[in-house]
Amino acid sequence: LSVAAFRTSRGFGLLVVPGLILSTILFVALLACVGERLGPWTGLRRSLQLTKGHRWKILGLMLLLLVPTWGSCFVGWLLSAVTSEFVGTIGEWLCTTIATAITAAVVVVTYYDLRVVDEGADIERLAVVFE
């Protein structure tokens, strides 16, 4: 194993893996803050509570959500190669907008499902946020 490969694997273990774990734990923190009218620290603790027992599924979902994100980068690169840099940038922006909307919808549905599974919350109780 070369020194560079060792450093790369060490960096992966020290930065990427803990980052994925933390992202999985805090996947619904923002929605917990907004949906339950909690402060930031309480929202983080609430996300920790809601995701407990479901983190492997959430990690898989997060990795699956990388596909549209990478796809938007690929579309931008492809359009830049075929047409111009400007068209590629516009195409990437449009694709990134769509990927962001998909990600936001998935996070909202995940938060709702976690609340239903853990607490049996119904849609009327969660819709109070919009009143």
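In terms of the mean number of neighbouring beta-carbon atoms within 10 Å, the peptides 67-75, 108-116 order highest first as 108-116, 67-75. When the accessible area of the chain is computed with all protein chains present and a 1.4 Å probe, what percentage of it is carbon and sulfur? The value for the chain is 74 percent carbon and sulfur by accessible area. For segment 1-69, the extents of the C-alpha atoms along the principal axes are 51, 26, 23 Å, listed from largest to smallest. In this entry, the chain is assigned a mean projected area of 11.5 nm², taken as a quarter of its C-alpha convex hull surface. Taking the Cβ of CYS33 as the centre, find all other residues whose Cβ is under 13 Å away and add up their charges (Lys, Arg: +1; Asp, Glu: -1). Local charge sum for CYS33: +2. When +1 charges are put on Lys and Arg Cβ atoms and -1 charges on Asp and Glu Cβ atoms, the dipole computed for the chain relative to its Cα centre reaches about 620 debye.
The values are calculated or read from the model by the stated rules, or taken from the named source; none is laboratory data. A quick note: this is a predicted structure, and the numbers were derived from the prediction, not measured. Positions of Cβ are generated from backbone atoms using ideal geometry, with glycine treated the same way; all protein chains shown enter the neighbour counts. The protein model used for the area step is the full one, side chains on, heavy atoms only, and it has no ligands, DNA or RNA in it. Shrake-Rupley method; radii C 1.70, N 1.55, O 1.52, S 1.80 Å.
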